[in-house]
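Here the structure is laid out as structure tokens; the discussion comes afterwards.
The values are calculated or read from the model by the stated rules, or taken from the named source; none is laboratory data. In this text the structure is predicted, and so the values were computed from the model without any measurement. Cβ coordinates were reconstructed from backbone atoms using ideal geometry, including for glycine residues, and neighbour counts include every protein chain displayed. Ligands, DNA and RNA are stripped out before the accessible areas are found, and what is left, the full protein with its side chains, is counted by its heavy atoms. Shrake-Rupley method; radii C 1.70, N 1.55, O 1.52, S 1.80 Å.
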Amino acid sequence: MDQQHFSEITSFLEDRLRPLFDPENGSDHGFGMDDTSRALRALSGAVKSAAAVKGICEQRATADVELRRVIDQTLAHNWDQLVGLARHWEDHPDFRPLFKRGSWDFEPEPATAGEGQDRDPALRA
């Protein structure tokens, strides 16, 4: 998974959430103190938080092996959060099969140049 994957799923989720904040849908732009406004703020915050990986993706290329493993765990966690949210709209026409892929469904990139090359190709996703 890369920055493009995160951008696509985030755009999909934001497109589903944005109309919910419109006053014509009964919202006070999500700033009310009712439970619906609180839920909208929480959901929007969760999406924005999980999607904030741009700097992390950029650092991965130059990170040492240990830091790269932490970055990979962070990206996997954030991706899986976004997938969990997006799957609530599986029946939406803009939903893409990519949004069903768990982090484990992506081919892992080796942490170093030679790492991972001795793995059985049948085990690679």
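Assorted remarks:
- Overall form of region 9-108 per C-alpha gyration tensor (a/c, 1.5; a/b vs b/c): prolate
- For region 35-86, accessible area per residue (1.4 Å probe, heavy atoms of protein chains only), Å²: 56
- Neighbour net charge for ARG41 - beta-carbon separation under 12 angstrom, K R +1, D E -1: -1
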